[in-house]
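**Student:** Right, I'll just put the structure down here and ask away after.
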Amino acid sequence: MFVLSFRQRDELASVAAAAGWQVVAARRAGGAERRFLSSGAAVAVIDARGATADGIAATAALGSAVEANGGALLALVSRGENGSITALFDSGATHFLASPFSDAEFLQALRFASRHAERMAREWQAGAVFAPLGWRYDPVTRSLLLTPGLAALLDCVEAPRLRTLLLHLDHGDRLAATAAIRRMSGTRPATAFAHDLDGIGRIVQHLQLDTDTGRIDAVVEPLGSKPEPAAEVREALAGARDAGSARRWLTRHLAGEAAGPLHVLLIALNRFEMVNTAYGRAAGDALLRSAQTRVKDAVQEILGRDALVARMGGSTFLVAMCAPRLRIDLVAERIASALARPFVSGDSIAVLGCRIGLAEAFPEDDAARLLRRASEALAEARESDSATLRVADADGGSATIDRLAVELHHAIERGDIGILLQPQVAIATGEIIGVEALARWQHPALGTIGAETLFAAAQRADLEIGLSDHIQSVALKQAASWPAVLSNLRLSLNLTAADIARPGFADLFLDRVDASGFPRTRLTLEITESGLIEDLGVAAGLLSLLRGAGCRTAIDDFGTGYSSLAYLKALPLDYLKIDKKLAQDITGSPRDRIVVRGVIDMARSLGLTVIAEGVETPEQLEGLAAEGCQIYQGFLCAEPLSVTALTALLAKVC
Ligand code: C2E
Ligand code: CA
Ligand code: CA
């Protein structure tokens, strides 16, 4: 760990050293980047308590080195200087801790940062076969700073001039480099260009312009013409069959007896090439792996293990199975909604989505003909602006189906969309103190459809706001007339990103609450981290209006990948809901537990009440309780219930 402190006495370095950290301490900001890089540390700590301006400057100087290294930067701030958090965050800090804090809290923050660094390092691994490579150019001083890795590679001992660096490129590449540098502007501060470099092979240079200072930061990413990354990807994808084996599977199943008609889905990721170009191949490969896992999970959830999942090359997947058409539609829906969720790639978020072509086998079909029809349907889906799914017709044409999206309008009118209530339990007393409303669609043919598929269909039908309004009204109306045994419970409602972005939403929502008769003071509004991230300023404004009106607020799904503690400081929040994956880590490895513990401790030190989601076993509950978590929600108490079932449960408990 690398500590930069502006204080007279740097007691934290000794606290960390006593806990087994290797500490490299510095007192001056000058040259900190170089010293950080040569220390080999993964975590940098900048003590900005009482020295905000120096802290921000030092963070800015270290930020890109930390990022290029796949490290973490923990900034320590004074409690009274919350305003500096945003500036520190913008400068590249990844974690924060506000004073006063105990030694134990500091160590936990360190472990949390270190865990982040480990994760980043893993994600960077494919590209980071070499020491971190990068450079920074300052147009005012005309100075060029190289990371030691790049300096060694170019055989430059002292900082060269930008022109000298460009001379390492051949003529064509030099033109591309100059064009990339010139095309950056205030509205387009980031760009990239690729070229060959002796000793490495193909590389991508990711450039970032700091519009305030005119400085350019470059992260150099080797594209790995070496065999390792490709082999790694192949290995990771080994679970999936390739195109050849998919064809053999289809031929076998076309010939054999089957439980239902054979269907083929071809799924192509949207905008995948953009990720490859913008973030590099390592990020692209990682994204393909998570896309594949999502497709597999969606297929298995509905069809079990009998279906075929294969990767057809590029970013196209094939799913084939013998099953009735209704189930195939449902699988296609699930896949579409799974791939519509954002992907996290390093520190960036990529929203891709997909297009799907569907074909059903005819008696005279062979594998090639069936695949061709699925490909044609896919091509049509790709050309369409709105249809996610196209189905090949018998006559060779294709028809759009997005039945769920179409049916959703009627479903809302008919009242087929309802809510279930999942209890929230105070861990100390075992008492049910509130419920979260969760949407369900009672589909006449497909049975119960869960919230994720429902919201994905609403998005495609452009009905997100209509659906959200409907659910909020239903939940509030129902809660206002709950039976007496439920009359002390709090009600939690989920807000969507579309709600948050809607101008005047707070007034509209509060009118709706008042009209229902349900007291504002028993209401909690949950916003997910991904909802927040879209526009932090708007979300913060909305949350403080709702809170000022008597409601409470919660950050939902904390720990699912976007997590940055910066939000917690900046937002008017009452609760932090730990996502079920993270909460369940409490019974995982000692390292996993440390992260959960760190989140709970830091949330509590910021005055937030911690709710753990997805608690399924007594062991998980015990572990979370021991770490100071105050409320839980999960199958251990109950799954989402109807009002009748909830009333029965409370009557039994009381
Ligand atoms: P969420 O807000 O995180 O809701 C918790 C989800 O976890 C629910 O899934 C719930 O059924 C599930 N769950 C609860 N306990 C456990 C457990 O012990 N183990 C496991 N494995 N899962 C558990 P659901 O109902 O499918 O909702 C999914 C997401 O859809 C919700 O996540 C929420 O973000 C969104 N959503 C659901 N209903 C609404 C709604 O009415 N409005 C809005 N805007 N979003 C909703
Ligand atoms: Ca929620
Ligand atoms: Ca949640």
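The values are calculated or read from the model by the stated rules, or taken from the named source; none is laboratory data. Everything quoted here is computed from the prediction, not taken from an experiment. Every residue, glycine as well, gets a Cβ built from its backbone with ideal geometry; the counts of neighbours run over all protein chains shown.
**Student:** Being surrounded by 16 or more Cβ atoms within 10 Å (Cβ to Cβ) and polar (S, T, N, Q) is the filter; apply it to the stretch 493-527 and report the residue that is farthest from Ala437 (Cα to Cα).
**Tutor:** Ser516
**Student:** Taking Gln630, is it more than 16 Å from ligand 1 (Cβ to nearest atom), touching a Ser or Thr at 6+ places or on another chain (Cβ under 9 Å) and modelled with pLDDT of 95 or more?
**Tutor:** Yes, satisfied.
**Student:** Ala651 fails exactly one of the following numbered conditions: (1) more than 16 Å from ligand 1 (Cβ to nearest atom); (2) surrounded by fewer than 17 Cβ atoms within 10 Å (Cβ to Cβ); (3) assigned to a helix (DSSP H, G or I); (4) without any contact (Cβ under 8 Å) to a residue 60 or more places away in the chain. What is the number of that condition?
**Tutor:** Condition not satisfied by Ala651: (4).
**Student:** Moving to a separate point now. Can you go through Glu639, Glu613 and tell me which one is in contact (Cβ under 8 Å) with a residue 12 or more places away in the chain, of a type in the set (Asp, Glu) and surrounded by 23 or more Cβ atoms within 10 Å (Cβ to Cβ)?
**Tutor:** None of the other options fit; the residue is Glu613.
**Student:** Of all the strands (runs of 3 or more DSSP E) wholly in the stretch 297-365, which have at least 3 residues that are in contact with a His (Cβ under 9 Å, 6 or more places away or on another chain)?
**Tutor:** Output list reads 316-322, 354-360.
**Student:** On to the next question. At least 3 residues that are under 29 Å from the mean Cα position of the chain (by Cα) and modelled with pLDDT under 80 in each: list the strands (runs of 3 or more DSSP E) lying fully within the stretch 19-118 that qualify.
**Tutor:** So the answer is 95-98.
**Student:** Okay, moving on. What's the number of the only condition in (1) within 16 Å of ligand 2 (Cβ to nearest atom); (2) in contact with a Pro (Cβ under 6 Å, 6 or more places away or on another chain) that Ile432 fails to meet?
**Tutor:** If we test Ile432 against (1) within 16 Å of ligand 2 (Cβ to nearest atom); (2) in contact with a Pro (Cβ under 6 Å, 6 or more places away or on another chain), just (1) comes out false.
**Student:** Let me ask something else about it. Please specify each residue of the stretch 501-533 satisfying the condition of being touching a Gly at 6+ places or on another chain (Cβ under 9 Å) and within 16 Å of ligand 3 (Cβ to nearest atom).
**Tutor:** Within the stretch 501-533, Thr524, Glu529, Ser530 meet the criteria.
**Student:** I would also like to ask the following. When the residues of the stretch 575-593 are filtered to those that are basic (Lys, Arg) and over 25 Å from Thr553 (Cβ atoms), which remaining residue is nearest to ligand 2 (Cβ to nearest atom)?
**Tutor:** Arg593
**Student:** Would you check if Lys569 is basic (Lys, Arg) and within 23 Å of Thr496 (Cβ to Cβ)?
**Tutor:** no
**Student:** Is it the case that some residue within the stretch 246-269 is out of contact with any strand residue (DSSP E or B) (no Cβ under 7 Å at 6 or more places or on another chain), exposed (fewer than 14 other Cβ atoms within 10 Å of the Cβ) and under 17 Å from Val319 (Cβ atoms)?
**Tutor:** The answer is yes; a qualifying residue exists.
**Student:** Related question: Give me the pairs, please: first residue somewhere in the stretch 574-587 and outside any helix (DSSP H, G or I) and of a type in the set (Val, Ile, Thr), second residue anywhere and at pLDDT 95 or above and more than 14 Å from ligand 2 (Cβ to nearest atom), beta-carbon distance under 9 Å, and either six or more positions apart or on two chains.
**Tutor:** Ile578/Val610; Ile578/Leu624; Ile578/Cys629
**Student:** Filter the stretch 482-501 down to residues that are among the hydroxyl-bearing types (Ser, Thr, Tyr) and under 17 Å from Leu641 (Cβ atoms) and give me whichever is nearest to ligand 1 (Cβ to nearest atom).
**Tutor:** Within the stretch 482-501, the match that is nearest to ligand 1 (Cβ to nearest atom) is Ser492.
**Student:** Sticking with this one: Could you list all residues from the stretch 626-648 that are within 16 Å of ligand 2 (Cβ to nearest atom), over 27 Å from the mean Cα position of the chain (by Cα) and not in a loop (DSSP other than H, G, I, E, B)?
**Tutor:** Passing the criteria: only Leu641.
**Student:** Here's a follow-up. Restricting the stretch 492-509 to residues that are more than 16 Å from ligand 2 (Cβ to nearest atom), without any contact (Cβ under 8 Å) to a residue 40 or more places away in the chain and aliphatic (A, V, I, L, M), which is nearest to His470 (Cα to Cα)?
**Tutor:** Per the stated criteria, the residue is Leu508.
**Student:** So which residues in the stretch 179-195 are farther than 16 Å from Ala278 by Cβ and in contact with a helix residue (DSSP H, G or I) (Cβ under 7 Å, 6 or more places away or on another chain), if there are any at all?
**Tutor:** Result: His195, single match.
**Student:** May I pose another question? Of the residues that sit in the stretch 425-451 and are buried (at least 17 other Cβ atoms within 10 Å of the Cβ), under 29 Å from the mean Cα position of the chain (by Cα) and among the β-branched types (Val, Ile, Thr), which one is farthest from ligand 1 (Cβ to nearest atom)?
**Tutor:** Ile427
**Student:** Select from the stretch 530-553 the residues that are at pLDDT 95 or above and either within 14 Å of ligand 1 (Cβ to nearest atom) or not in a helix (DSSP H, G or I) (or both) and list them in ascending order.
**Tutor:** The answer is Ala549, Gly550, Cys551, Arg552, Thr553.
**Student:** Specify the residue that is farthest from ligand 1 (Cβ to nearest atom); the eligible residues are those in the stretch 590-610 that are in contact with a helix residue (DSSP H, G or I) (Cβ under 9 Å, 6 or more places away or on another chain) and not in a helix (DSSP H, G or I).
**Tutor:** Ranking the qualifying residues of the stretch 590-610, first place goes to Leu606.
**Student:** Suppose we filter the stretch 184-204 for residues that are surrounded by 11 or more Cβ atoms within 10 Å (Cβ to Cβ) and of a type in the set (D, E, K, R); how many remain?
**Tutor:** 2
**Student:** Between a first residue in the stretch 178-200 that is under 19 Å from Leu165 (Cα atoms) and a second residue that is crowded, with 17+ Cβ neighbours inside 10 Å and among the aromatic types (Phe, Trp, Tyr), which pairs have beta carbons less than 8 Å apart while being 6 or more apart in sequence or on different chains?
**Tutor:** Ala179/Phe193; Ala180/Phe193; Ile200/Phe130
**Student:** Any idea which of (1) modelled with pLDDT of 75 or more; (2) under 26 Å from Asp210 (Cα atoms); (3) surrounded by 20 or more Cβ atoms within 10 Å (Cβ to Cβ) is the one Ala16 doesn't satisfy?
**Tutor:** Failed condition: (2).
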